[in-house]
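Below is one structure, written out as structure tokens; the observations come after it.
The values are calculated or read from the model by the stated rules, or taken from the named source; none is laboratory data. All figures in this text were calculated on a predicted structure; none of them were measured in a lab. Ideal geometry is used to build each Cβ from the backbone, glycine not excepted, and the neighbour counts take in all protein chains shown.
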């Protein structure tokens, strides 16, 4: 197979994922635009959004690459098998890294905004939002990455070609959606406790 054929095949495999990525990015933007009340109620949350979304892409992009490499090397079977130690360890590591990095991002956000004398919600509120959003989006991304990578591989596609756009898109959409869910949950908890954010 020549260079032209190889490039053409790569574009054919990647184009649907890239088109989906564009649509997903717009959807994430619409959800974020609908979060005005939550962004006003939790001061500093908008500063946390890019960090949370970037960590979704980085952590779960790495997870997808690990699974793809395992498939190419033949050490991972193209099916979800919870008894597979490698698969379980990779998924657990991705979830743990996603949660840890999100919590660190929340602490850094509060610290930076405090040092800049900018209004910011209490650390407990930011940590609560980061924790809930990272756990929920991490679970969703783990499932999506595994299902999409395995399904694509079984159909003869190279997962390296489409895992990046799929993870980025899913990370943005799930990240913003679960950020909204987390913000509302934390605001409800704060209201139930009788405090203000």
Q) Within the set of pairs 6 or more residues apart or between chains, which connect a residue that is at negative phi and outside any helix (DSSP H, G or I) inside segment 17-39 to a residue that is crowded, with 20+ Cβ neighbours inside 10 Å and modelled with pLDDT of 85 or more with Cβ atoms less than 8 Å apart? A) 35/176; 35/179; 35/183
Q. Given the structure, is residue 139 on the phi < 0 side of the Ramachandran plot and either without any contact (Cβ under 8 Å) to a residue 40 or more places away in the chain or crowded, with 16+ Cβ neighbours inside 10 Å (or both)?
A. no
Q. Would you call residue 39 surrounded by 13 or more Cβ atoms within 10 Å (Cβ to Cβ), over 17 Å from residue 174 (Cβ atoms) and at pLDDT 80 or above?
A. yes
(Q) Show the residue pairs meeting these rules: Cβ distance below 6 Å; 6+ apart or different chains; first residue within segment 184-197 and in a helix (DSSP H, G or I); second residue modelled with pLDDT of 95 or more. (A) 185/132; 186/125; 186/128; 186/129
Q | Matching option when the condition is surrounded by fewer than 19 Cβ atoms within 10 Å (Cβ to Cβ), touching a helix residue (DSSP H, G or I) at 6+ places or on another chain (Cβ under 7 Å) and assigned to a helix (DSSP H, G or I), among 71, 147, 131 | A | 131
